[in-house]
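Quick note: the coordinates plus some simple rules give every number you see, no bench work behind them. The structure presented is a predicted model; accordingly, all values stated were derived computationally and were not measured. Here the Cβ is made from the backbone with ideal geometry for all residues, glycine too, and neighbour counts use every protein chain on show.
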Amino acid sequence: MMSTGVECLCQDQRAALILCQTDADALKVGTSPGRPPKLKAAQQRGLLRVPLKGPLAHGYNTNVWTTARIAEVITREFGVSYHRDHVGRLMHS
């Protein structure tokens, strides 16, 4: 049995045994890749050009971008939907 230097205080004996036998490196927190992006790399580059054309070019009657408008354009141009709250994070990344 391998000792990790961790005192087992689990009430469930099987869990305590597994914890004590587990290598300490296995208990370290790793990184998670997260959800894959909805837009491919080429689409993300194309997204950067969308605001440059301006809202008027995309059919809006004022020259003001909102995250809701950008989300609509993303859906029309790329067929991918994003919530307007996420569009801000997407544009900053």
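The modelled label-to-label distance for the pair H92/N63, using points 7 Å beyond Cα in the direction of Cβ, is 2.7 nm. Footprinting exposure proxy ranking of H58, H83, H92, fewest other C-beta atoms within 10 angstrom first, gives H92, H83, H58. Taking the convex hull of the alpha carbon positions in the stretch 41-92 and averaging its projected area over all directions gives 3.3 nm².
Taking the number of Cβ atoms within 10 Å of each Cβ as an exposure proxy, the fewest-first ranking of R84, R69, R49 is R49, R84, R69. Projected label points at L56 and V80, each 7 Å from Cα along the beta carbon direction, are separated by 3.0 nanometres. So which chymotrypsin sites (Phe, Trp or Tyr not before Pro) in the stretch 24-93 end up in coil per DSSP with only 16 or fewer other C-beta atoms within 10 Å? Here the chymotrypsin sites (Phe, Trp or Tyr not before Pro) that fit, given the DSSP loop and packing criteria, are Y60.
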